[in-house]
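Colleague: Submitted below is the structure of interest, expressed as structure tokens.
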Amino acid sequence: MKDTDIKKLLYTHLLCIFSIILSIFIPSFFLENFSILETHLTWLCICSVSVTAVNLVLYLVVKPNVSSKRSSLSYKVTRFLKCCIYFLTSCFFFHVIFVLYGAPLIELALETFSLAVILSTFTTIPCLCLLGPNFKAWLRIFSRNGVSIWENSLQITTISSFVGIWLGAFPIPLDWGRPWQMAIEGKHSSLYVPGMGLGTVTQ
């Protein structure tokens, strides 16, 4: 049984990685001038939607948590609405955290919120797919060791996402003098680095 769960979990993560790769190349065939760097907000939205769709389909097919006692339509609709509220709440929560760490409140608000959405996609969505809107189960898993390989995977994935988003922003100050860090329109470019505030560079 454990070997089967390991294989299912491996396939789930591989397909999620594959969906991210597809979100890089497939949109270029349908969207004009699509680029990760030049149209990064569009790519973040596409990546978030693709990863969310893959997670939903995979967890519905794999069904690692089959202990659902209720199956009425009203219960499913209520559960779905709660999951949407949880997801939106996590997006706004991460957005507030980024602002508290130095992101501009008004300027670049869309970029900051997009970052919050992509982080929620990799942390909140798997939790919702596996546990549902059960906050007590979330606290149990993240306050102690998981009782199954799926719960341990949630812990590793969530922690890795937080560490990865921090490490991804940490080297930005090293490139402040590079052309790709400069604003195209003007001579000044404001850069936000989580935990380091907003810096300005001059050409």
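The values are calculated or read from the model by the stated rules, or taken from the named source; none is laboratory data. Just so we're clear, the structure is a prediction, and the values are computed from it rather than from any experiment. Cβ: placed from backbone, ideal geometry, glycine included. Neighbour counts: every protein chain shown. Please note that ligands, DNA and RNA were not included when accessible areas were found on the heavy atoms of the full protein model with its side chains. Shrake-Rupley method; radii C 1.70, N 1.55, O 1.52, S 1.80 Å.
Colleague: Using only the alpha-carbon atoms, what does segment 1-60 span along each of its principal axes? Please give whole angstrom values in decreasing order.
Modeller: Result for segment 1-60: principal-axis Cα extents of 48, 16, 16 Å.
Colleague: Ser160 to Phe80: FRET efficiency via 1/(1 + (r/R0)^6), r the Cβ-Cβ distance, R0 30 Å, to the nearest 0.05?
Modeller: Approximately 0.65, to the nearest 0.05.
Colleague: Over segment 1-157, with every protein chain in place, what whole percent of the accessible area is carbon and sulfur at 1.4 Å, could you tell me?
Modeller: After summing per-atom areas, the C and S share lands at 71 percent.
Colleague: A follow-up question, please. Going by Cα centres, segment 150-167 and segment 1-32 are how many Å apart?
Modeller: 17
Colleague: Here's another thing I want to ask about it. With the Cα gyration tensor of segment 1-138 in hand, convert its eigenvalues to equivalent ellipsoid semi-axes via √(5λ) and list them largest first in whole Å.
Modeller: After scaling each eigenvalue by five and taking roots: 29, 21, 13 Å.
Colleague: Using a probe radius of 1.4 Å on heavy atoms only, what accessible surface per residue do you get for segment 1-133? Whole Å² is fine.
Modeller: 65
Colleague: Continuing with this model, one more query. If the chain between Leu14 and Ser148 were fully stretched, how many nm would it gain, using 0.36 nm times the residue separation less the Cα-Cα distance?
Modeller: Length gained, Leu14 through Ser148: 46.3 nm.
Colleague: Provide the net charge surrounding Leu15, with neighbours chosen by a C-beta distance below 13 Å and charges set as Lys +1, Arg +1, Asp -1, Glu -1.
Modeller: Its environment carries a net charge of +2.
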